[in-house]
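Structure record follows, encoded as structure tokens.
The values are calculated or read from the model by the stated rules, or taken from the named source; none is laboratory data. Since we're looking at a predicted model, the values are computed, not measured. Glycine also receives a Cβ, built like all others from the backbone with ideal geometry; neighbour counts cover every protein chain displayed.
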Amino acid sequence: MAPPPEISRAVDVLRAGGLIALPTETVYGLGADASNDLAVRRIFAVKGRPSSHPLIVHLPSVERAREWTLGLGEAGEKLARAFWPGALTLIVKRNATVSDAVTGGQDTVGLRVPSHPLALELLRAFGGGIAAPSANRFGKVSPTTAQHVRDELGSDVDLVLDGGPSQVGVESTIVDLTHQPPRLLRPGGISREAIEAVLGAPLTLVTHATDVRAPGLLESHYAPRAGLWLVTAEALHDEAQRRLATGARVVVLAPASVPVPAGVVRLEVPEGDAGFAQVLYARLREADALGDLILAVPPPESGLGLAVRDRLQRAAAPRPG
């Protein structure tokens, strides 16, 4: 059966060396043919991303993923069986056919099989790997709807596939399998606890740049235009009042159960960690439109709360330059 017209158009754009925005369950990606160096370099140009920052290659199946590696290894096979398709990226040793443009010149490559049905349909129709970081300018808030992509990248993208709002809302978890024991380089849409249960061993969490470069490890990342500060639920009311007294337009990201003073704009977030993750980036974009200062109450570190806290901490870090 022939693929739907929008999938056929996206395949044509990829094969011609163009860029597409594709929905995944995590965030929207800016995709190019991972075997076309010129197309991959265009990703870096559009995002303003340094060429030394590696990209994640998206593939339609575990079998196709193995073709990009020297082997997934025992731990990789376990994790692939448990979480692919899904929000998990595995860092493994690349084979000789993988381009330096994708890996930033490293001997490793990040691979993922996404679970979004439109992304999988596209990957199966395309028949190759799609290199796809988040579809936003480098260091800024990731997009979780097609409109976010259009608003930020406009005509720099040749085609935007609309797959609805991202269901997970934060990027994939990145696990480095080139070290023993495996390392957690970026918390994300698959919880640390779930991965450790499959491996039967704890993961070391890496929170800074390492010998293996991977997306999302910069101190400042995922940043809105407005300044962002993290506060506890107990301190929020007084801190918001103090900021209001300076004349700031204050936006608060907090559950409904957390009291806030009059004069602030509350953007409610769910109490649960998965719900917070799902709305995080959309709330940060809304906050940018409503104020110049954001106070956020982060969730506990368990489950997807670890990923949400990671994104908020990097968004609140001092901005370069």
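Condition first: modelled with pLDDT under 95 and not in a loop (DSSP other than H, G, I, E, B). Now tell me which residues in the range 191-209 satisfy that.
Listed by number, the residues that qualify are THR204, LEU205.
Got a number for residues in the range 241-292 being assigned to a strand (DSSP E or B), under 30 Å from ARG192 (Cα atoms) and not charged (D, E, K, R)?
Counting residues in the range 241-292 that are assigned to a strand (DSSP E or B), under 30 Å from ARG192 (Cα atoms) and not charged (D, E, K, R) gives 4.
Taking the criterion of being in contact with a helix residue (DSSP H, G or I) (Cβ under 9 Å, 6 or more places away or on another chain), surrounded by 18 or more Cβ atoms within 10 Å (Cβ to Cβ), farther than 26 Å from VAL13 by Cα and modelled with pLDDT of 95 or more, would at least one residue in the range 160-168 satisfy it?
yes
Please count how many residues of the range 293-317 are over 16 Å from the mean Cα position of the chain (by Cα) and in a helix (DSSP H, G or I).
Residues in the range 293-317 being over 16 Å from the mean Cα position of the chain (by Cα) and in a helix (DSSP H, G or I): 1 in total.
Condition first: in a helix (DSSP H, G or I), outside the structural domain of LEU30 (by TED's automatic domain parsing) and among the hydrophobic types (A, V, I, L, M, F, W, C). Can you find one or more residues in the range 210-233 that meet it?
Yes, some residue in the range 210-233 is in a helix (DSSP H, G or I), outside the structural domain of LEU30 (by TED's automatic domain parsing) and among the hydrophobic types (A, V, I, L, M, F, W, C).
Which one is nearest to the chain's Cα centre (by Cα), of the residues in the range 87-110 that are of a type in the set (Gly, Ala, Ser) and surrounded by 20 or more Cβ atoms within 10 Å (Cβ to Cβ)?
Step one: list which residues in the range 87-110 are of a type in the set (Gly, Ala, Ser), which gives 87, 96, 99, 101, 104-105, 110.
This time we only want the ones that are surrounded by 20 or more Cβ atoms within 10 Å (Cβ to Cβ), so: 87, 101, 110.
On the way: ALA87: 9, ALA101: 20, GLY110: 13 Å.
The qualifying residue nearest to the chain's Cα centre (by Cα) is ALA87.
Is it true that some residue in the range 44-56 is assigned by TED's automatic domain parsing to the domain that holds HIS116 and within 15 Å of PHE126 (Cβ to Cβ)?
No - not one qualifying residue is present in the range 44-56.
Under 7 Å between Cβ atoms, which residue pairs at least 6 apart in sequence (or on different chains) link something in the range 73-95 that is in the same structural domain as GLY105 (by TED's automatic domain parsing) and without any contact (Cβ under 8 Å) to a residue 40 or more places away in the chain with a partner that is polar (S, T, N, Q) and outside any helix (DSSP H, G or I)?
Pairs that qualify, where the first residue is in the same structural domain as GLY105 (by TED's automatic domain parsing) and without any contact (Cβ under 8 Å) to a residue 40 or more places away in the chain and the partner is polar (S, T, N, Q) and outside any helix (DSSP H, G or I), are PRO85/SER115; ARG94/THR69; ARG94/THR108; ASN95/THR69.
Within the set of pairs 6 or more residues apart or between chains, which connect a residue that is in the same structural domain as GLY127 (by TED's automatic domain parsing) inside the range 19-40 to a residue that is at pLDDT below 95 and of a type in the set (S, T, N, Q) with Cβ atoms less than 6 Å apart?
Cβ pairs passing all conditions: ASP37/SER99.
List every residue pair whose Cβ atoms sit under 8 Å apart, with the two residues 6 or more apart in sequence or on different chains, where the first one lies in the range 256-267 and is farther than 13 Å from LEU295 by Cα and assigned by TED's automatic domain parsing to the domain that holds GLY291 and the second, anywhere, is β-branched (Val, Ile, Thr) and surrounded by 16 or more Cβ atoms within 10 Å (Cβ to Cβ).
Filtered contacts from the range 256-267: GLY263/VAL250.
Which residue is farthest from ALA287 (Cα to Cα), if the candidates are limited to the range 126-153 and must be surrounded by 24 or more Cβ atoms within 10 Å (Cβ to Cβ) and in contact with a His (Cβ under 6 Å, 6 or more places away or on another chain)?
ILE130
For every residue, the table says whether it meets (1) among the aliphatic types (A, V, I, L, M); (2) touching a residue at least 12 places away in the same chain (Cβ under 8 Å).
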residue	(1), (2)
ALA119	yes, yes
GLU152	no, yes
VAL157	yes, yes
GLY169	no, yes
ALA197	yes, no
LEU203	yes, yes
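Just to be sure I understand, how many residues within the range 111-125 are surrounded by fewer than 22 Cβ atoms within 10 Å (Cβ to Cβ) and not in a loop (DSSP other than H, G, I, E, B)?
First, pick out the residues of the range 111-125 that are surrounded by fewer than 22 Cβ atoms within 10 Å (Cβ to Cβ): 115, 117-118, 120-121, 124-125.
From the residues that got through so far, the ones that are not in a loop (DSSP other than H, G, I, E, B) too are 117-118, 120-121, 124-125.
Of the residues in the range 111-125, 6 are surrounded by fewer than 22 Cβ atoms within 10 Å (Cβ to Cβ) and not in a loop (DSSP other than H, G, I, E, B).
Please return the ranges of helices (runs of 4 or more DSSP H) entirely within the range 1-98 where 1 or more residues are under 20 Å from GLN167 (Cβ atoms). First the steps, then the outcome.
On the way: elements: 5-15, 37-47, 62-66, 73-83.
Hits in the range 1-98: 5-15, 73-83.
Restricting attention to the range 165-190, report how many residues are in a loop (DSSP other than H, G, I, E, B) and under 16 Å from the mean Cα position of the chain (by Cα).
The number of residues fulfilling the criteria is 12.
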